């Protein structure tokens, strides 16, 4: 299930490309509204109504989720805009960098200490981004904006004591109110795509809810059955699919500077993944080894 979630996320550029005739901001507004319509019944079916009410009535939680709503809105808008503006490779690079950005944010804000191999991985990623900037002549702002917005979103969401399904439901609800007003305004001035640009476009705008909610549901169900290390490896499925789409389907040019940068990022991720696996094995060995020793003494 988790693999299916990452596969949907990775292949989602095909969906956004099919909506290229609709402005990215308008797509984002529809995505928020229809995602809430899709997620709200799931909250009820899974018995999370109490959690949803608690999140909406807690001033602290609502404040945190208001902030994450803005961040996820920026992240979603940038991603859709990047796909439909010919920056699919940068979008892929952004989500390759994201795990390393998470590590960096953990050091800066949570005072976590980097293990030696993590430090090497983050260093390689920094070298890759710097090299691309100097040799390609263009700062990869799309990739970094996606990676850091995703990283800050995860960092701040840790503070809110809500699950991913309830949290995203509240976030989409909060943005659905201004989104509805904006879309009604577009319809009033005759510029809205919904119900005006053909049945296919209208159905696809509604379907943005599935692109958002379905992989989240599959991910939350799948992670319960998988080890954390396995989920860590699977997360690279999404940017890998996006990378392949950019090069082989949409024929974005892959210049030598970009290829070297991706090579450095892939090497960094390989080191990071190896370190994560070794670390979790040590933790498990220590935990269960201690438990076994305790049982023997009993």
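In this label model, residue 74 and residue 139 are separated by 1.4 nm, measuring between points 7 Å along each Cα→Cβ vector. Using only Cα atoms, what Kirkwood radius does segment 138-196 have, in angstroms? Answer for segment 138-196: a Kirkwood hydrodynamic radius of 14.3 Å.
Annotation: average projected area of segment 1-160 is 11.5 square nanometres, based on the convex hull of Cα atoms across all directions. A full extension of the chain between residue 159 and residue 130 corresponds to an added length of 7.2 nm, given 0.36 nm per residue minus the alpha carbon distance.
Counting every other Cβ atom within 10 Å of each residue's Cβ, 156, 189 order from fewest to most as 189, 156.
Please work out, to two decimal places, the log10 of the ratio I(q)/I(0) at q = 0.09, 0.10, 0.15 Å⁻¹ from a Debye calculation in which every Cα of segment 2-297 carries one identical scatterer. With one equal scatterer per Cα and no solvent, log10 I(q)/I(0) is -0.49, -0.61, -1.28. Eigen-decomposition of the gyration tensor built on the alpha-carbon atoms of segment 79-236 gives equivalent ellipsoid semi-axes of 33, 22, 15 angstrom, largest listed first. With neighbours defined as other Cβ atoms within 10 Å of a residue's Cβ, the residues 157, 116 order from fewest to most as 116, 157.
Each reported figure results from applying straightforward, stated rules to the coordinates on display, with no laboratory input. Given the structure is predicted, the values throughout are model-derived calculations rather than measurements. Glycine also receives a Cβ, built like all others from the backbone with ideal geometry; neighbour counts cover every protein chain displayed.
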